[in-house]
Amino acid sequence: MSNKIFIDACLGKETPYTPVWMMRQAGRYLPQYQKVRQSAGDFLNLCHDPKKACEVSLQPVDIVGVDACIMFSDILVVPNEMGMELSFIKGEGPKFSAPIAFESDLDKLLGGDEAASKITYVYETIRLIKEQLAEDKALIGFTGSPWTLATYMIEGQGSKTYNICKKMMYTNPQLLHKILTKITEVVKLYMEKQIQSGIDVVQIFDSWAAAIEPSKYDEFSWKYMIEIVDYLKEKYPHIPVILFPKGVVGFLDKVYGNFDVFGVDWSTPMAMAKEKLGDRYVLQGNMEPCRLYSKEATTESVEALNIIMEGKRHIFNLGHGILPDVPVDHAKHFISECHRVSAK
Ligand code: CP3
């Protein structure tokens, strides 16, 4: 047993209660985050400032009482350090000024260790958090999946239809695979450096998994995530890996790989995920994030999830990120309800 309940839970061991954290827990719903965010000016400045990034990472641990700290950064620092100019425009989200359209655009970008060694501010943030985080809390490092990162690198921004990447998928799959392969090589080393800097567990966000039809999902996303898992597991078998592919009900029967925790999004019934995957993977999730607007709706969901999972092989979380206008008090209520209902 480790001294961290969260790590024991990731490895399927029995724990005195079911641990909980929230995706996007370090963020705008916290007034304390807003204050540090303002002092940083631009959002990327906050990512580039290890002291401030460390401070906002620790806020939800201290204020809301989660069992794990996720380091504060963004998935898009990877393409940014590969050489793509990135800006965050208020109200519009992230934007790359020169998206990848041709092979020559890709060839200009840094790959492998050249890119991964540029992300020094993330490694420094991890070292600072490690110095201050309580011994019994786990530190989660993360990355976007190659597919999710590729959607931003090809579309240049968030998308409703993903038509530019999907046009490439069906008309020039070789180029899409070349892009995914280059990202995968950077991400493997990026995650390795996060582990060497002190993270206890890895989560890979495949936020835009649902953009791919189920019969193409393995080829264009899952297999690249599993390549990263295999690389990390061979070198760091003690570090648990969580995969969060959002919106993949149609792929549940085909899930494979040597990872530890499957993140269940809110649109997938937990009972179905348990039936299909519960004996092979610990399940994380999956309260619908908007239930946080109501304390009653929150309690109802936490109790139902605990009955389904029977307090075993489970980590409580939301089924996607917490929204900026959720009252902090409701977030605290969610955490304390998870602890209350699952206490043994
Ligand atoms: O608390 C945590 O989870 C750690 C921090 C974190 C952020 N982004 C901070 C952030 C994490 C894990 C991410 C991951 C991320 N970033 C994902 C995958 C997770 C998911 O939600 O599916 C994605 C798709 C991104 C890309 C991204 N970054 C978008 C689309 C946006 C704009 C979204 C918005 O709500 O405006 C960001 C910006 C961002 N990343 C913010 C935060 C706190 C808000 C920026 C601000 O403070 O102004």
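Read the figures in this text as sums done on the coordinates, not as results from a lab. Computed from a predicted structure; not experimentally measured. With ideal geometry, Cβ positions are generated from the backbone for all residues, glycine too; neighbour counts draw on all protein chains shown.
Taking amide H positions as placed 1.01 Å from N in the peptide plane, with prolines and chain starts having none, which residues 5 or more places from Gly319, or on another chain, fall under 5 Å of its amide H?
So Gly319 has HN proximity to Trp266, Met287, Glu288.
From the backbone phi of the range 287-299, what are the Karplus-calculated ³J(HN,Hα) couplings (6.51 cos²θ - 1.76 cosθ + 1.60, θ = phi - 60°) in whole Hz, Gly and Pro given as x?
Per-residue couplings from phi come out as 5, 4, x, 6, 4, 5, 5, 10, 5, 5, 5, 5, 4 Hz.
Taking the Cα atoms of the chain alone, what are Rg (to one decimal) and Dmax (as a whole number) in Å?
19.0, 58
Would you mind checking the tilt of helix 31-40 against the longest principal axis of the Cα atoms of the chain, expressed as 0 to 90 degrees and rounded to 10?
Helix 31-40 and the main axis of the chain meet at about 30 degrees.
Whole-Hz ³J(HN,Hα) for each residue in the range 41-56, computed from phi via Karplus 6.51 cos²θ - 1.76 cosθ + 1.60 with θ = phi - 60°, x for glycine and proline: what do you get?
x, 5, 4, 5, 4, 5, 4, 7, 10, x, 5, 6, 4, 5, 4, 6
So which chymotrypsin sites (Phe, Trp or Tyr not before Pro) in the range 233-277 are both in a DSSP loop and have at most 12 other Cβ atoms within 10 Å of their Cβ?
For chymotrypsin sites (Phe, Trp or Tyr not before Pro) across the range 233-277 that sit outside H, G, I, E and B with at most 12 neighbouring Cβ atoms in 10 Å, the list reads Tyr256.
Using alpha carbons only, how many angstrom separate the centre of the range 242-264 from the centre of the range 137-180?
The range 242-264 and the range 137-180 have Cα centres separated by 18 Å.
Could you go through the range 138-153 in sequence order and give the Karplus-derived ³J(HN,Hα) for each residue, using 6.51 cos²θ - 1.76 cosθ + 1.60 with θ = phi - 60°, rounded to whole Hz, and x for Gly and Pro?
Coupling constants for the range 138-153: 9, 10, 9, x, 8, 8, x, 6, x, 4, 4, 5, 4, 4, 6, 6 Hz.
Around Val201, which amide H atoms from residues at least 5 apart in sequence, or from another chain, sit under 5 Å from its own amide H, with H modelled in the peptide plane?
Placed amide hydrogens put Leu139, Gly141 under 5 Å from Val201.
Only Cα pairs within less than 10 Å get springs; with that Gaussian network setup on the chain, which residue of Gly93, Gly257, Gly12 has the largest fluctuation?
Gly93
Using 7 Å Cα-to-Cβ label points, what is the Phe88/Ile164 separation (nm, one decimal)?
Distance between the two pseudo-spin positions: 2.1 nm.
On a full-extension model of 0.36 nm per residue, what is the gain between Lys51 and Val249, subtracting their alpha-carbon distance, rounded to one decimal in nm? Spell out each step's value before the answer.
Working: separation 198, 0.36 × 198 = 71.28 nm, distance 3.95 nm.
In short, 67.3 nm is gained.
Pop the C-beta distance of Ala101 and Gln32 into the FRET formula with R0 = 51 Å and round what comes out to the nearest 0.05.
My answer for the efficiency is 0.80.
Per DSSP H run of at least 4 residues, take -39500 (n - 2.57); add these up for the chain, divide by its residues and hand me the 222 nm value, nearest 500 deg cm²/dmol.
When only DSSP H runs of four or more count, the value is -14000 deg cm²/dmol.
By how many degrees, between 0 and 90 and to the nearest 10, does the Cα long axis of helix 173-197 differ from the longest principal axis of the chain?
Relative to the chain, helix 173-197 is tipped by roughly 50 degrees.
Please go through the residue pairs Lys130/Lys167; Lys137/Lys182; Lys90/Lys235; Lys182/Lys233; Lys13/Lys223 and name each one whose alpha carbons sit more than 32 Å apart in this structure.
Result: Lys130/Lys167; Lys137/Lys182; Lys90/Lys235 exceed 32 Å.
Compute the distance in nm between two label points, each set 7 Å from the Cα along the Cα-to-Cβ direction, one at Ser39 and one at Lys344.
4.2
Please name whichever of Gln174, Ala68, Ser104 sits farthest to the positive end of the charge dipole of the chain, dipole taken about the Cα centre and charges placed at Cβ: Lys and Arg +1, Asp and Glu -1.
It is Ala68.
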